[in-house]
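Working notes for the structure below.
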Amino acid sequence: ECYVRDLLSLTLSPESVSRHSDLKIVYTPLHGCGVRLVPECLRKMGFNNIYNVPEQDVSDGDFPTVASPNPEEPAALKMAIVKADEVGADLVLATDPDADRMGIAVRDNEGRMVLFNGNQTASLMTYYILTRWKELGKLDGRQYVVKTIVTTELIPEICKAFGVPVYNVLTGFKYIAEVVGRHEGERQFICGGEESYGFNVGEFVRDKDAQIACCIISECAAWAADRGLTLYQLMQRIYDEFGYRKEGLVSIVRKGISGVAEIERIMTGLRTSPPVEMCGSPVVKIVDYLETEKTGQPKSNVLQFFNEAGDVVSVRPSGTEPKIKYYFGAKGDNADEKISILKKQFTGAD
């Protein structure tokens with residue numbers, strides 16, 4: 001009860017929710033623990049058209065209806081999207097089994113359900129929250145936002161427009177929580193997120209939280225509807241204002257001792273012979289997270305390359321799996337094409 005009360009205190013647009021309380025939302029917990037609290041919080045917020053996917057409301061650690069209960073995987077939302085088309089829903093929400101990450105699908109201009117990735121959803125919520133904080137006169141120079149280093153550079157662009165600083169931290173929500181703890185009582189955390197579908201608002205939860213994210217994105221949908229926009233159209237407005245961005249991820253698996261050695265060779269090669277250009281634009285900044293005295297971050301085997309055009313590539317070996325991950329971010333009307341070029345440059349893949 002205390003948690004739900006505090007969650008509902010985060011609401012920024014109760015009038016919009018009241019006007020659009022009939023917004024049709026399909027929600028699936030993917031057999032996990034969000035099954036009770038997400039619908040309850042949405043209803044208490046004021047939404048009364050919540051549709052479930054009955055087969056996936058069953059709490060079952062075997063996750064019988066999905067190959068992987070991961071909202072990052074398009075297949076995980078398939079049944080919810082079918083339900084959305086059956087009932088004419090505006091929004092699909094899916095949470096992972098422990099209900100700390102959220103995936104969404106929205107209607108495009110042709111009425112088709114399309115998936116948003118974690119970068120898009122985090123950018124959308126950040127834009128909405130900062131817009132409402134400004135409109136409500138809540139920004140006084142004490143606030144800040146946090147994102148992980150591999151999360152889209154669109155978020156800093158949005159925050160800059162509102163005069164709100166952004167902290168960049170290593171991959172993992174614990175690092176976002178550490179910033180919140182460090183500034184507790186002195187500065188105010190507004191929100192923070194990561195590309196892997198985690199997001200949080202407010203200081204009473206110190207981790208990514210899908211219940212909060214589901215409520216905020218649903219409220220954002222109601223607020224957008226007040227302006228005659230869908231979430232898809234609001235995302236296009238953000239791109240129009242701050243520039244179109246596209247992100248991509250390539251994970252290369254290299255197993256065994258030989259795989260470890262190969263990954264080490266890749267990182268060493270990037271350090272000794274870094275790229276001088278990306279997509280025809282000169283590399284203007286290289287960040288090596290082994291150099292803690294320069295980054296101010298804990299030591300981590302991560303490299304980032306930024307070019308003059310606003311594109312960024314981050315490379316890091318996984319800490320838990322035998323793989324190396326390449327995070328690509330491109331800016332501009334040709335960002336989709338640039339992602340393909342960057343993937344080929346760094347991994348040889350199309």
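The values are calculated or read from the model by the stated rules, or taken from the named source; none is laboratory data. Everything numeric in this text was worked out from a predicted model, so none of it was measured. Using ideal geometry, Cβ is built from the backbone for each residue, glycine included, and neighbour counts are taken over all protein chains shown. SASA here: full protein model, heavy atoms, side chains in, ligands and nucleic acids out. Shrake-Rupley method; radii C 1.70, N 1.55, O 1.52, S 1.80 Å.
Some notes on this structure:
- Extent of the stretch 100-205 along its three principal axes (Cα atoms, max minus min coordinate, largest first): 46, 31, 24 Å.
- The stretch 26-64 versus the stretch 199-214: alpha-carbon centroid distance in Å: 17
- More than 16 angstrom apart: percent of Cα pairs within the stretch 252-350: 58
- Filter on K255/K343; K160/K338; K246/K325 - keep pairs with C-alpha separation over 19 Å: K255/K343; K160/K338
- Degrees between helix 210-226 axis and first principal axis of the chain (Cα, 0 to 90, nearest 10): 70
- The heavy atoms of T131 present about 20 square angstrom of accessible area, all protein chains included, probe 1.4 Å.
- Point-charge dipole on Cβ atoms (K/R +1, D/E -1) for the stretch 162-311, about Cα centre, debye to 20: 340
- Temperature 25 °C, viscosity 0.890 mPa s: under these conditions the Stokes-Einstein estimate for the stretch 272-315, based on its Kirkwood radius over C-alpha pairs, is 226 µm² per second.
- Against the rule of thumb 2.2 N^0.38 Å, how large the Cα Rg of the stretch 209-254 comes out: 1.59
- Charged-residue dipole, Cβ positions (Lys, Arg, Asp, Glu), the stretch 295-350 about Cα centre, Debye nearest 20: 340
- Binned Cα-Cα distance frequencies in the stretch 1-126 - 10 Å width, integer %: 13, 43, 37, 7, 0
- Spin-label proximity, D333 to the stretch 218-243 - amide N less than 19 Å from point 7 Å beyond Cα toward beta carbon: 236-243
- Reference-scaled alpha-carbon Rg (2.2 N^0.38 Å with N residues) for the chain: 1.00
- Put a plus charge on the Cβ of each Lys and Arg, a minus charge on the Cβ of each Asp and Glu, and nothing anywhere else: the dipole of the chain about its Cα centre is then about 580 debye.
- The stretch 1-49 - convex hull of the alpha-carbon atoms, volume per residue in Å³: 72
- Cα long-axis angle, helix 173-182 against the chain (0 to 90 degrees, to the nearest 10): 80
- The stretch 55-126: Cα Rg divided by the 2.2 N^0.38 Å rule of thumb: 1.11
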